[in-house]
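Q: The structure that follows is given in the form of structure tokens.
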Amino acid sequence: MRASFASNPTSPLNRIDVRVKMLIAAAASIMTVAISSEAAQYLLFASSFVYLLLLKRPKIIAVSYCACILMMALSAGFGYLISIWFPAMGKSMSLSSMLVPFLRGFTMLNVVLPLAFTGRLQTILSGLQKLRLPFVIYLPSAVIIRFIPTFMNDIRQIWESLKIRGYKINPWTCTIHPLQTTRLLFTPLLFRALKTSDELGIAAELKGLNSGSSAGRAAAASFTRNDYLIIVLIVLICAAAAVLQFYFPNSAPAAMK
């Protein structure tokens with residue numbers, strides 16, 4: 001892991017067991033799909049955002065949110081175009097109907113980033129091994145988790161190389177020069193992503209090949225008191241979200257009138 005994207009040593013998330021972070025991500029993914037109430041989604045988003053702030057990486061959080069907002073804005077824009085061309089389909093594509101899916105996306109972003117930026121590859125592999133998961137499951141999972149910070153570092157390197165060569169990449173140049181943007185930005189990103197995924201896959205496989213022996217397994221670590229407290233907090237938040245779903249199943253503003 002490159003130093004520029006290494007975990008912040010002052011972050012309290014470094015003291016949380018990687019299995020607890022995986023539990024948080026798993027619980028968030030299940031609850032965001034199972035819950036459709038806006039009030040419950042607000043609770044999940046607020047709780048996960050506080051969890052994300054403990055990462056203490058404001059630049060990474062800001063860049064990730066900007067990218068997520070951009071993608072969601074494009075989605076809303078295409079939904080608006082569809083509503084113009086096909087009014088019958090557009091009735092189900094209002095901004096209010098997109099609120100819950102957008103909140104789900106932000107909640108998952110909030111729980112995935114801490115997992116990706118506060119754990120080494122070997123630590124993630126060891127945590128997945130302790131969960132007794134098959135090799136074909138925990139190896140790709142570890143690669144996917146570690147791909148996020150590595151790919152962000154690749155984006156930064158390509159961006160800086162373009163600035164050194166005198167190219168200015170911004171929304172205006174991307175609009176008026178799409179072919180140039182594809183050649184200078186998206187094509188290098190594609191090849192870097194393929195190379196990065198290949199390198200991470202090889203590294204994870206080499207570290208996991210001897211998973212059944214003591215050489216390939218990190219020292220077992222038991223849960224601390226803080227880990228158990230976090231698990232209890234997760235259960236309470238999920239229970240509160242379920243209660244909000246039961247009492248306010250529809251939109252929160254309408255239900256609270």
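The values are calculated or read from the model by the stated rules, or taken from the named source; none is laboratory data. Please read these numbers as outputs of a predicted model, since none were measured by experiment. Note: ideal-geometry Cβ built from the backbone for every residue, glycine included; neighbour counts use all protein chains shown. Just so you know, the surface numbers come from the protein's heavy atoms only, side chains and all, with ligands and any DNA or RNA stripped out. Shrake-Rupley method; radii C 1.70, N 1.55, O 1.52, S 1.80 Å.
Q: So S97 fits all but one of (1) in a helix (DSSP H, G or I); (2) open to solvent by 40 Å² or more (accessible area, probe 1.4 Å); (3) at pLDDT 80 or above; what number is the exception?
A: (3)
Q: In segment 237-257, which residue that is of a type in the set (A, V, I, L, M), loosely packed, with under 11 Cβ neighbours inside 10 Å and assigned to a helix (DSSP H, G or I) is modelled with the highest pLDDT? Please lay out each step first, then the result.
A: Pass one, segment 237-257, residues of a type in the set (A, V, I, L, M): 237, 239-244, 252, 254-256.
The next check asks that each one be loosely packed, with under 11 Cβ neighbours inside 10 Å; those that pass are 239, 254, 256.
Checking the rest, the ones that are also assigned to a helix (DSSP H, G or I) come to 239, 254.
Working: A239: 95, A254: 40.
Ranking the candidates gives A239 first.
Q: Now for a separate question. Can you confirm whether S29 is outside any helix (DSSP H, G or I) and more than 15 Å from L233 (Cβ to Cβ)?
A: In short, no.
Q: If you take the residues of segment 22-66 that are over 20 Å from A241 (Cβ atoms) and free of Cβ contacts under 8 Å to residues at least 40 places away in the same chain, which of them is most open to solvent (accessible area, probe 1.4 Å)?
A: Applying the filter and picking the extreme gives K59.
Q: V143: within 23 Å of Q41 (Cα to Cα) and either modelled with pLDDT of 70 or more or surrounded by 18 or more Cβ atoms within 10 Å (Cβ to Cβ) (or both), yes or no? Steps first, please.
A: Details: within 23 Å of Q41 (Cα to Cα): no; either modelled with pLDDT of 70 or more or surrounded by 18 or more Cβ atoms within 10 Å (Cβ to Cβ) (or both): yes.
The answer is no for V143.
Q: Now, a different point. I'm trying to understand the selection: among the residues of segment 159-178, which are more than 23 Å from A73 (Cβ to Cβ) and part of a helix (DSSP H, G or I)?
A: Hits for segment 159-178 are E160, S161, L162, K163, I164.
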